[in-house]
1. Taking a ≥ b ≥ c as the square roots of the eigenvalues of the Cα gyration tensor of the stretch 218-362, is the shape rounded (a/c under 1.5), prolate (a/b larger than b/c) or oblate?
2. How many nm is it between the label spots at ARG62 and ASP264, if each spot is 7 Å from the Cα in line with the beta carbon?
3. Quick one: among THR116, THR278, THR68, which has the greatest mean-square fluctuation in a GNM of the chain with alpha-carbon springs under 10 angstrom?
4. Mind checking Rg over Rh on the stretch 232-306, alpha carbons, Kirkwood formula for Rh?
5. For the stretch 57-111, what is the accessible area per residue in Å², given a 1.4 Å probe and the full set of protein chains?
6. Can you flag which of LYS215/LYS239; LYS209/LYS239; LYS98/LYS362; LYS44/LYS86; LYS224/LYS267 are past 23 Å Cα-Cα?
7. By how many degrees, between 0 and 90 and to the nearest 10, does the Cα long axis of helix 334-352 differ from the longest principal axis of the chain?
8. Near the amide H of GLU233, under 5 Å away, which other amide H atoms are found, from residues 5 or more places off or on another chain, if H is placed in the peptide plane?
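The values are calculated or read from the model by the stated rules, or taken from the named source; none is laboratory data. Because the structure is predicted, anything quoted here is derived from the model rather than measured. Cβ: placed from backbone, ideal geometry, glycine included. Neighbour counts: every protein chain shown. Remember, those area values only see protein heavy atoms, side chains included, never the ligands or the DNA or RNA. Shrake-Rupley method; radii C 1.70, N 1.55, O 1.52, S 1.80 Å.
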Amino acid sequence: MKTITRSFSVLSIISSFVGNANSTHLINGRRMYLSYRKMSTKLKPKVFVTRRVPEDGINLLRQKCEVTQWDRDEAIPRHEILNGVKGVDGLFCLLTDKIDEEVLSTAGENLRVVGTMSVGYDHVDLSACRKRGIPVGYTPDVLTSATAELTMALLLTVSRRIQEGVTAVKDGSWGTWAPLWLCGQGLEGATVGVVGLGRIGFAVAQRLKPFGVSKILYTGQSEKASSAQLPAEYVTFDKLLNDSDFVIGCCALNSKTTGLFNADTFKKMKKNAIFINTSRGGLVNQDDLYTALKNGDILAAGLDVTSPEPLPTSHPLLTLENCVVLPHIGSATLKARNAMSELCARNIVAALYGEPIPCQVK
Ligand code: DGY
């Protein structure tokens, strides 16, 4: 672990000399002129960062905090998180870090904020944080466009069979131009179902419109007033599955959505349905998806997220031509990742300095 600053105490006491001051004092009845340097004592909170992250966030943190960091691109091993969090005031984590009771109790009583550089927070035990009065910061909005764009890219890759086309060019199986070869499905005139019309779901729906889709359906916990702008129609989950040519998973992972897409739900979809998931792998029962794709219950699928991540190269889904799997790159633009890092840092600094947290999980 690269230690950026050395001290690992609960709160480091930074003594800084902030300039000279002069005054006269009575000493033993004689007025003495004394020159001294005024000393101010500042407390700098300690923050542990669990990965190498874009500089914008780290620079901001360094201005206000004492930063210790797992400064690598590889995920931090569990024992290193447990080691790193001891005694810190703030924790800057990623979606790959499980922040549970053990991490919180190992951190100890100083821990005053957990900030995750992600919009998803299913990896953070919220109730354990709540019990300890620890707010959780996250990074919505700044990655919405990037993720919606990637969702569209994946959808078009699957529906227009781009992966198969690229492979054919490279492996020499590209023969003559043929009228029926690699024909896919277009979006024009299609009915698209968005499961979860949150920020990203909405942004995906906006991007679908210029492609000339005939109808956008959505489902979720409740009807959204903003859907009128699209427009999109609020329907039951079953109706969405039944009517959609494309089904896009955009909802958060929680106890209600875990395994939402399974043998049952794939059977309710159209035989020509294309399923896309850019949210969390846990939404999908992957064995059931494999069977549905193999048996032709649905036409094709595109996944930017899997369970586990990385998906083992031996996974059966990777043997299918009608399944495109990406390595969780929805928010992977430099602009989005910088903004995520910065927002995560701002959340942490605000909490540590008693200011309102810009984006706090409610
Ligand atoms: C998130 O932020 O939760 C995405 O999955 C990765 O950017």
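1. Cα axes put the stretch 218-362 in the oblate bin.
2. The answer from the label model is 5.3 nm.
3. Result for the chain, Cα springs under 10 Å: THR68 fluctuates most.
4. Value, to two decimals: 0.93.
5. Per residue, the stretch 57-111 has 41 Å² of solvent-accessible surface.
6. LYS224/LYS267
7. 40 degrees
8. ILE216, LEU217, TYR218
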